[in-house]
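The next block holds one structure in the form of C-alpha cells; read it before the comments.
The values are calculated or read from the model by the stated rules, or taken from the named source; none is laboratory data. Quick caveat, the model's predicted, so the values are computed rather than measured. All Cβ positions, even for glycine, are placed from backbone atoms using ideal geometry, and neighbour counts span all protein chains on display. In case anyone asks, the SASA skips ligands and DNA or RNA and just uses the protein heavy atoms, side chains included. Shrake-Rupley method; radii C 1.70, N 1.55, O 1.52, S 1.80 Å.
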Amino acid sequence: MRRIALPCAEVSPLGLGTAGFGTSVDEKAAMRQLDCFTERGNLLDTAHVYGDWVPGEKARSERVIGKWLVSRGARGRVTLSTKGAHPRLETMRVSRVSPENIRRDLEESLRCLNTDFIDIYFLHRDDPARPVGELLECLEALRAEGKIRCYGCSNWRLERIGEAQEYARRHGLQGLACNQLMWSLAAPRAEGLGDPTMVGMDAETYAFHERSGMPAMGYMALAKGYFSRRQNGKTLPESVRALYDMPENDAVCRKLLTLSERSGLSAAALAILYFSAQPFAAVPLVSFSSETQLEDAMTALACDMTAGLAQELRKLRERY
C-alpha cells in the first residue's frame with residue numbers, strides 16, 4: 001500500500017475526516033467507517049472543536065475515535081491528527097491561540113482520544129497579534145514532553161508560516177511539519193464560506209510548498225461532492241452551488257469527467273489522486289456520509305500513480 005512520508009509519520013494518501021462523528025454521523029456508523037477505512041488507510045484527522053456545534057457533550061468526534069481506538073486496540077496502527085486552540089463557536093472573534101489554551105486543549109484531546117500522544121498536532125487558527133515564537137516554544141515543550149510527535153498549522157496565512165519557519169530555523173526548533181488548509185480541485189467562492197478565518201490554497205501558497213517541500217493536508221478535498229454529484233447527474237444543493245458553481249470549476253469538472261471515462265476511475269477517486277500527483281507531500285482529508293462513498297474513495301488507495309496519470313491530474317487545475 002502506498003504511503004506518503006511526513007516528517008514524523010508515513011501516512012496513507014487519504015486521510016479520514018471525522019468532523020461529523022458523534023453528530024451527523026452517529027457513533028455506530030462512525031465505528032463502521034473507522035473499521036472500513038483502516039483496512040487500507042491509517043490517517044485519522046479530527047479536532048477538539050468537532051461536534052461542539054451541537055449542544056451538550058463537547059469534543060464528540062474525538063470521544064468517538066477514542067472509544068474506537070480502545071475497543072479495537074488500534075492505536076499502534078493509526079496516525080492521529082488533531083487540532084486545538086480554536087475559538088469558542090459562540091465567540092469566534094475571541095482568539096484562544098495562547099500557550100495556556102494550547103496546553104489545555106491538548107490535554108483534553110489526549111483524554112478524549114484515550115491516548116498518551118498525538119502524532120500531528122495542529123493549531124486550528126492563528127492569532128497574528130501574538131509573537132509566533134511564543135507559540136512555537138509552547139509546541140516544542142509539548143513535543144519534548146512526548147505528548148506530540150510533531151506540530152503544524154491550520155488556517156494560517158502564508159506570511160505567518162514563513163515567520164514561524166524562520167523563527168524555528170534561527171532557534172534550532174523542529175518547526176511546522178505540515179500546513180492544513182482548504183484545498184481541492186474546485187476553487188470556492190470566499191463569500192460563500194461564512195467563515196473568514198478559513199484559509200485556502202492559492203498560487204502563492206502553492207509556490208511556497210513547491211519551493212520549500214513543506215507537506216500539506218487539504219480539507220474539503222472533495223469540494224462537498226461537487227464533482228461526484230455532477231458525474232452522477234444529481235442536483236447540486238444550494239450550499240454547494242453557492243460555493244463552487246462557477247465557470248472555472250465547470251471547466252475543471254468537464255476535464256475531470258473526461259479523464260474519468262478514459263481511466264475507469266470515479267471523479268471522487270481522481271480528485272483524491274490529484275493530491276498524490278503534487279511535487280510535494282500532499283494528503284486530502286475527506287469526510288463521508290455513507291460507507292458507499294467511503295468505499296468508492298478508497299479505490300484511490302489501491303491505484304498505481306503513473307507519471308502519465310500524475311501529469312494529467314496536475315493539468316486539471318492549471319491556475320497554479
Taking every C-alpha to C-alpha distance in the stretch 190-317 and binning by 5 Å from 0, the per-bin percentages run 2, 10, 19, 24, 22, 16, 7, 1, 0
Residue span Asp116 to Trp53: 0.36 nm per residue of separation minus Cα-Cα distance leaves a gain in nm of 20.0 nm
Most fluctuating of Val70, Val97, Val199 in the GNM of the chain (C-alpha, under 10 Å) is Val70
With x for Gly and Pro, the residue-by-residue ³J(HN,Hα) of the stretch 27-41, computed from phi through the Karplus equation 6.51 cos²θ - 1.76 cosθ + 1.60 at θ = phi - 60° and given in whole Hz, is 4, 5, 5, 5, 4, 5, 4, 5, 4, 5, 4, 6, 5, 10, x
Ranked by GNM mean-square fluctuation in the chain (Cα springs under 10 Å), the top entry among Ser266, Ser81, Ser239 is Ser239
Percent relative contact order for the stretch 125-277, counting Cα pairs under 8 Å at least six residues apart, stands at 21
Non-local residues with an amide H under 5 Å from the amide H of Thr79, with H modelled 1.01 Å from N and Pro and chain starts lacking one, are Leu43, Leu44
The FRET efficiency for His171 and Glu204, from their Cβ-Cβ distance with R0 = 41 Å and rounded to 0.05, is 0.95
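Taking every DSSP beta bridge that has both residues in the chain, what percent is antiparallel when rounded to the nearest 5?
About 10 percent, rounded to the nearest 5.
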Expressed as a percent, the accessible surface of the chain that is carbon or sulfur, using a 1.4 Å probe and the full set of protein chains, is 49
Given all pairs of distinct Cα atoms, the chain yields a Kirkwood Rh in Å of 19.9
With Cα coordinates, the longest principal axis of the chain makes an angle with the long axis of helix 158-171, in degrees rounded to 10, of 50
A correct Stokes-Einstein calculation for the stretch 107-248, using the alpha-carbon Kirkwood radius, 10 °C and 1.306 mPa s, returns a whole-number D in µm² s⁻¹ of 94
Once Lys and Arg are counted +1 and Asp and Glu -1 for all other residues with Cβ under 13 Å from that of Asp126, the total becomes +2
log10 I(q)/I(0) for the stretch 60-178, Debye formula on C-alpha points only (no solvent), q = 0.10, 0.11, 0.22, 0.23 Å⁻¹, two decimals, reads -0.30, -0.36, -1.26, -1.34
To the nearest Å², the heavy-atom accessible area per residue of the chain with 1.4 Å probe amounts to 42
Highest GNM mean-square fluctuation among Trp53, Trp68, Trp183, for the chain with Cα springs under 10 Å, belongs to Trp53
Relative to the chain, whose Cα atoms define the longest principal axis, helix 267-276 and its Cα axis are tilted in degrees, nearest 10, by 50
With only helices counted (DSSP H, runs n ≥ 4, each -39500 (n - 2.57)), the per-residue ellipticity at 222 nm for the chain, to the nearest 500, works out to -12500 deg cm²/dmol
Quarter of the surface of the C-alpha convex hull for the stretch 1-123, i.e. direction-averaged projected area in nm², equals 7.7
Dipole check, the stretch 77-188, charges on Cβ (K,R +1; D,E -1), about Cα centroid: among Leu181, Leu106, Val94 the Cα furthest to the positive pole belongs to Leu181
Proximal lysine pairs in the chain, meaning Cα under 16 Å and 8 or more positions apart or interchain, come to 6
So, with points 7 Å from each Cα along the Cβ direction, the Cys36-Ser98 label distance in nm works out to 4.3
Square roots of five times the C-alpha gyration tensor eigenvalues of the stretch 167-259, ordered largest first and given in whole Å, equal 31, 15, 11
Evaluated at 25 °C and 0.890 mPa s, the Stokes-Einstein D of the stretch 36-78 based on the Kirkwood radius over Cα pairs, in µm²/s, stands at 217
Quick calc, Arg189 & Lys28: beta-carbon distance into FRET formula, R0 45 Å, rounding 0.05, result 0.80
If each part is reduced to its alpha-carbon centroid, the stretch 58-74 and the stretch 208-233 end up apart, in Å, by 26
Among the Cα-Cα pairs of the stretch 57-122, the proportion with separation greater than 13 Å, in percent, is 65
